[in-house]
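A short worksheet on the structure shown next.
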Amino acid sequence: MSEAPGLPPLTDQFSQGYWNAAREGTLLIQRCRTCRRYQFYPRGHCVHCFAPDPEWTPASGRGRLHTYTIVERTPNAEFAADCPYVLAIIELDEGPRMTARIIGEAGDLACDQQVHVVFTPAGQAGVLPNFARDIK
Amino acid sequence: MPANWSGEVAIVGAYESARRLAPGLHPFAIQAECARGALSDAGLEMADVDGFATAASFPAEGAREMAVAEVAEYLGVHPRWVDGTDIGGAAPISHAGHAVAAIAAGLADVVLVTYAACGYSWPHGAADYLTYAHGPGQWELPYGPSTVATYALAARRHMHDYGTTAEDLAAIAVQCRANAAANPDARYTAPISVDDVLASPVIAAPLHRLDCCVVTDSGGAFVLTSARRAQWMNVQPAYLLGFGEALGQVSMSQMWPFTATAAAASGARAFRTAGMRPAEIDCAQLYDSFTITVLLALEDLGFCGKGEGGKFASAGELAPDGQLPINTDGGGLSSSHPGRRGALAVVEAVRQLRGISPGVRLDRPRTALVHGMGGSLSTSATLILGV
């Protein structure tokens, strides 16, 4: 990703830990203390069983490229200078999916390719977790 | 077994604005044009209206959080029943379904549903994000989603899982353009080929410009009342036989599975309340924000099996002489898409049942399905009409 201004995430008391960890190179996800399932994006409860207060846990940072698009044109001015870029949905090895970009050449992308997290400086957004394909 | 309200409420007036580009006009003025047109079609006056529904919170629709109140004030309507359900392009179809409950319960006698937007000419630019960059949006917006991109994500996974091709998707755009040929109001009428779609610029791969709906300044409206009252009116009623709605995801990371939408639930609810099966539908107005929107709806509503939508479209089954003629006025892909196509889709379904479609006129259809899909494959409403 470029150092384009981007759109900074507006953090809150609840999410600040996630973004602080990203700056330290750690991807945090949540796990329910009751049903033990993982979830992303972070919430104050388990989205599966609604139990309160899920625990934060470091993710393996590994997953598969569930789907992606190469954005050639966008109406959203903050990202026009980034085009073309790869917007993707990653399925983490722990199960949940997250939105991110794929860093690197887009030429031979395919669904279900193995990917790993990388942390990308992104202007005023600070650091964003993104993903890159595993080296074969 | 149909629901006890099935067939008890009818659409007795319908109107679509012929406008496509209306620079300098505020969308509320088009709302008024559409209200007047639909009431006139029904032989009713504004003073007869005691239920009102609209959604107008998108920037190009001109209102903010209290959209339904803003538009009601502008029109000068004073309803005793109000619906401002705001679920994207599916909203007007939801309003129709909710109006059935209101009329059946005696909360309103005559419900006016209006819609208008200046999607093309709105002078105050706006991004197309569905959420703010805080809360759940902080985990998606920083990566640069756009509306087209979110639909492209679904198209890519469908291609991977089922072998759907760009040509399959293009066949949907080609059919809608062919349907628009006879429609004097359609935004575009010149025929296109699959090759034309594939040669148009890529917006968000695998979706091309011609996989995307047109953007217009326009609107539509319709009027509902009880079947009992309708039989004394000088109109051909279109009876509401079935209705269902459902919510999916807003953040794309929450879409699960990625090749099915809330249409599976809203469609099943619509068929169940109508006591009907997909094979009993003569024509459909399927939300066509993008070609992939139609393809997923075909499968989710049960017109073909999961994964078979591409073959269904490429085989010509969406043509006027196919299994399921769709979007007979040209749809959002060629005729008009000011912002929430749902209102115009209802109007075209009514026109088709009356034999007065401005596009392709089918041979006396008896049933029509109207399906709306809002947001980023987020929200769904399905209506079944019959005469």
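For the structure I just gave you, tell me whether B:Gly24 is of a type outside the set (Phe, Trp, Tyr) and either assigned to a strand (DSSP E or B) or more than 19 Å from the chain's Cα centre (by Cα) (or both).
yes
For region A:113-135, indicate whether the set of residues that are at the interface with chain B (Cβ under 10 Å from one of its Cβ atoms), assigned to a helix (DSSP H, G or I) and crowded, with 22+ Cβ neighbours inside 10 Å is non-empty.
Yes, region A:113-135 has at least one match.
Scan region B:153-195 for residues that are crowded, with 24+ Cβ neighbours inside 10 Å and polar (S, T, N, Q) and report the count.
Total meeting the criteria: 3.
Count, please, the residues in region B:182-209 that happen to be touching a residue at least 60 places away in the same chain (Cβ under 8 Å), farther than 29 Å from B:Gly144 by Cα and of a type outside the set (Gly, Ala, Ser).
The total comes to 6.
In region B:133-143, which residues are without any contact (Cβ under 8 Å) to a residue 24 or more places away in the chain and either part of a helix (DSSP H, G or I) or crowded, with 24+ Cβ neighbours inside 10 Å (or both)?
B:Gly135, B:Gln138, B:Leu141, B:Pro142, B:Tyr143
Can you find a residue in region B:12-19 that is farther than 24 Å from B:Ala368 by Cβ and out of contact with any strand residue (DSSP E or B) (no Cβ under 7 Å at 6 or more places or on another chain)?
Looking through region B:12-19, none of the residues is farther than 24 Å from B:Ala368 by Cβ and out of contact with any strand residue (DSSP E or B) (no Cβ under 7 Å at 6 or more places or on another chain).
Looking only at region B:231-238, decide whether some residue is more than 14 Å from chain A (Cβ to nearest Cβ), part of a loop (DSSP other than H, G, I, E, B), crowded, with 19+ Cβ neighbours inside 10 Å and touching a residue at least 60 places away in the same chain (Cβ under 8 Å).
yes
Would region A:8-27 turn up any residue that is at the interface with another protein chain (Cβ under 9 Å from one of its Cβ atoms) and in contact with a Gly (Cβ under 6 Å, 6 or more places away or on another chain)?
No; the residues of region A:8-27 include none that is at the interface with another protein chain (Cβ under 9 Å from one of its Cβ atoms) and in contact with a Gly (Cβ under 6 Å, 6 or more places away or on another chain).
Among what's in region A:60-75 and is within 7 Å of another protein chain (Cβ to nearest Cβ) and assigned to a strand (DSSP E or B), pick the residue that is farthest from B:Tyr129 (Cα to Cα).
Going through the qualifying residues, I end up with A:His66.
How many residues does region B:72-90 contain that are buried (at least 24 other Cβ atoms within 10 Å of the Cβ) and in contact with an Asp or Glu (Cβ under 9 Å, 6 or more places away or on another chain)?
Number satisfying all stated conditions: 2.
When you go through B:Thr225, B:Thr216 one by one, which is the residue that is closer than 30 Å to B:Asp196 by Cα and either touching a His at 6+ places or on another chain (Cβ under 6 Å) or surrounded by 24 or more Cβ atoms within 10 Å (Cβ to Cβ) (or both)?
B:Thr216
In the set B:Leu241, B:Leu207, which member is within 14 Å of chain A (Cβ to nearest Cβ) and buried (at least 24 other Cβ atoms within 10 Å of the Cβ)?
B:Leu207
From the list B:Thr114, B:Thr150, pick out the single residue that is of a type in the set (Ser, Thr, Tyr), farther than 30 Å from A:Cys83 by Cα and either crowded, with 21+ Cβ neighbours inside 10 Å or in contact with an Asp or Glu (Cβ under 9 Å, 6 or more places away or on another chain) (or both).
B:Thr114
What pairs can you find where one residue is in region B:121-132 and more than 12 Å from B:Pro23 (Cα to Cα) and of a type in the set (Phe, Trp, Tyr), the other is buried (at least 16 other Cβ atoms within 10 Å of the Cβ) and at pLDDT 85 or above, and their Cβ atoms are less than 6 Å apart, with a gap of 6+ or different chains?
Note: pairs meeting the criteria are B:Tyr129/B:Leu141.
Limited to region A:79-111, what total is found for residues that are at the interface with chain B (Cβ under 7 Å from one of its Cβ atoms) and either in a loop (DSSP other than H, G, I, E, B) or of a type outside the set (Gly, Ala, Ser) (or both)?
Selection size over region A:79-111: 10.
Determine whether region B:244-266 contains at least one residue that is over 21 Å from the mean Cα position of the chain (by Cα), at pLDDT 95 or above, of a type in the set (A, V, I, L, M, F, W, C) and surrounded by fewer than 18 Cβ atoms within 10 Å (Cβ to Cβ).
no
Only one of B:Thr164, B:Thr150 is in contact with a Gly (Cβ under 7 Å, 6 or more places away or on another chain) and within 14 Å of chain A (Cβ to nearest Cβ); which?
The match here is B:Thr164.
Yes/no matrix, rows are residues, columns are (1) in contact with a Pro (Cβ under 8 Å, 6 or more places away or on another chain); (2) not in a helix (DSSP H, G or I):
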{"residue": "B:Thr85", "(1), (2)": "no, yes"}
{"residue": "B:Ser94", "(1), (2)": "no, no"}
{"residue": "B:Gly97", "(1), (2)": "no, no"}
{"residue": "B:Ala102", "(1), (2)": "no, no"}
{"residue": "B:Ser121", "(1), (2)": "yes, yes"}
{"residue": "B:Ala127", "(1), (2)": "yes, yes"}
{"residue": "B:Ala152", "(1), (2)": "yes, no"}
{"residue": "B:Asp161", "(1), (2)": "no, no"}
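Could you tell me whether B:Leu224 is assigned to a strand (DSSP E or B), touching a helix residue (DSSP H, G or I) at 6+ places or on another chain (Cβ under 8 Å) and at pLDDT 95 or above?
yes
State all residues of region A:90-136 that are without any contact (Cβ under 8 Å) to a residue 12 or more places away in the chain and of a type in the set (Ser, Thr, Tyr); if no residue qualifies, say none.
none
The values are calculated or read from the model by the stated rules, or taken from the named source; none is laboratory data. What you are looking at is a predicted structure, and each value in this text was computed from that prediction instead of being measured. FYI the Cβ positions are ideal-geometry reconstructions off the backbone, even for glycines, and counts take in every protein chain you see.
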